[in-house]
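This report concerns only the one structure given below.
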Amino acid sequence: MYWRRVQNRKPWVLNVLMNQNSNDCIQMIEKNLRREGVTINKEFEKKRMILESEVTKSAIKQMDINSVEKTIDMFERKMESQVTHTTAQHLIALYNKAVEYYSALDDERHLQYLMKL
C-alpha cells in the first residue's frame, strides 16, 4: 500500500469505530502508516454526561430560539451560494436545536425543521 500527500490538499481523515480488539487494530494501522512515512495525529472527542435538568421544558425555554432561527437563515443563504461540509454540519446542528426546542413545547414547527434534516 502506498500513501502520499498531494500538494494543496488537506490530509485525509480516518475515523474508526470498533469494539473488540480496537486498540490492537489501531496500533497495527499506525505502525503500517508510520512505516510508509505518514504522520499520525490522533484526536478524541471529549464527551460529557447530559444532565436531566438540561433537557426539561424549562431548560429548553431558556434557549434563544430567535437567535437559532436567524443563524439558520444565514447558513441556508450561505448554502445557496456555496455548499461546504462545514456549513452543512452547522445547519444540521441548528436544525436539531430547533427540533428539540419546538418538540419540547409541543409546537408543530418542529416538523418543519425535522423535514429539513
Let me spell it out: the conditions are (1) within 21 Å of Leu114 (Cβ to Cβ); (2) surrounded by fewer than 11 Cβ atoms within 10 Å (Cβ to Cβ), and His85 meets all of them except one. Which number is the exception? (1)
Residue in the range 60-69 that is at pLDDT below 80, open to solvent by less than 100 Å² (accessible area, probe 1.4 Å), under 22 Å from Leu91 (Cα atoms) and touching a helix residue (DSSP H, G or I) at 6+ places or on another chain (Cβ under 8 Å) present: yes
Please verify whether the range 39-46 includes one or more residues that are open to solvent by less than 100 Å² (accessible area, probe 1.4 Å) and free of Cβ contacts under 8 Å to residues at least 60 places away in the same chain. yes
Just to be sure I understand, how many residues within the range 96-112 are farther than 20 Å from Thr56 by Cα and buried (at least 17 other Cβ atoms within 10 Å of the Cβ)? 0
Could you grab the pairs with beta carbons closer than 7 Å, sequence gap of 6+ or different chains, first residue in the range 26-37 and without any contact (Cβ under 8 Å) to a residue 60 or more places away in the chain, second one small (Gly, Ala, Ser) and open to solvent by 60 Å² or more (accessible area, probe 1.4 Å)? none
Test set (1) over 24 Å from Ala104 (Cα atoms); (2) part of a helix (DSSP H, G or I); (3) of a type in the set (Val, Ile, Thr) - Ile60 fails condition number: (1)
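The values are calculated or read from the model by the stated rules, or taken from the named source; none is laboratory data. These numbers were taken from a predicted model, which means no experiment stands behind them. Positions of Cβ are generated from backbone atoms using ideal geometry, with glycine treated the same way; all protein chains shown enter the neighbour counts. The protein model used for the area step is the full one, side chains on, heavy atoms only, and it has no ligands, DNA or RNA in it. Shrake-Rupley method; radii C 1.70, N 1.55, O 1.52, S 1.80 Å.
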